[in-house]
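Each remark here refers to the structure printed beneath this line.
The values are calculated or read from the model by the stated rules, or taken from the named source; none is laboratory data. Remember, it's a predicted structure, so these values are computed and weren't measured experimentally. Every residue, glycine as well, gets a Cβ built from its backbone with ideal geometry; the counts of neighbours run over all protein chains shown. For the accessible areas, the whole protein counts, side chains as well, though only heavy atoms, and no ligand, DNA or RNA atoms are used. Shrake-Rupley method; radii C 1.70, N 1.55, O 1.52, S 1.80 Å.
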Amino acid sequence: MAATVEIYTWRTCPFCIRAKHLLTQKGVEFTEYSIDGDEAARSKMAQRANGRRSLPQIFINNHHVGGCDDIHALDAQGKLDELLKK
């Protein structure tokens, strides 16, 4: 069973694009919430992300894993694939 992956993004954000590219490379289907300029949606994201307002913010199985650097660090440590399998 594949993990449920959600990512909050802005369409033109280079970090968002980079994070989505990594997920796509791994063949992961994800739900994207493009929140360009939507402060209400950004506030909701920040509540889920322990106050973090930077983009992207990524959740795997409803667990906050962080942003672009965080997901790439998990991949470099060999931990991302395991999270994506659960």
ask   = Would it be correct to say that HIS72 is part of a helix (DSSP H, G or I) and within 12 Å of the chain's Cα centre (by Cα)?
value = yes
Within region 12-33, residues exposed (fewer than 14 other Cβ atoms within 10 Å of the Cβ) and not in a helix (DSSP H, G or I) come out as THR12, LYS26, GLY27, GLU29, THR31
* Given the structure, is GLY37 of a type in the set (Gly, Ala, Ser), within 19 Å of THR4 (Cα to Cα) and over 10 Å from the mean Cα position of the chain (by Cα)? -> no
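So, in region 75-86, of the ones that are in a helix (DSSP H, G or I) and over 15 Å from the mean Cα position of the chain (by Cα), which residue ends up modelled with the lowest pLDDT?
Result: LYS85.
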When region 36-74 is checked residue by residue, the ones that are among the β-branched types (Val, Ile, Thr) and either modelled with pLDDT under 95 or touching a Ser or Thr at 6+ places or on another chain (Cβ under 8 Å) (or both) are ILE60
Taking region 12-48 and keeping residues of a type in the set (A, V, I, L, M) and out of contact with any strand residue (DSSP E or B) (no Cβ under 7 Å at 6 or more places or on another chain) leaves ILE17, LEU22, ALA40, ALA46
Of the conditions (1) open to solvent by 70 Å² or more (accessible area, probe 1.4 Å); (2) in contact (Cβ under 8 Å) with a residue 40 or more places away in the chain; (3) not in a helix (DSSP H, G or I), the single one that ARG53 does not satisfy is (2)
Is it true that THR4 is of a type in the set (Val, Ile, Thr), surrounded by fewer than 16 Cβ atoms within 10 Å (Cβ to Cβ) and modelled with pLDDT of 95 or more? yes
Restricting region 56-86 to residues that are over 21 Å from ARG18 (Cβ atoms) and among the polar types (S, T, N, Q), the one surrounded by the most Cβ atoms within 10 Å (Cβ to Cβ) turns out to be ASN61
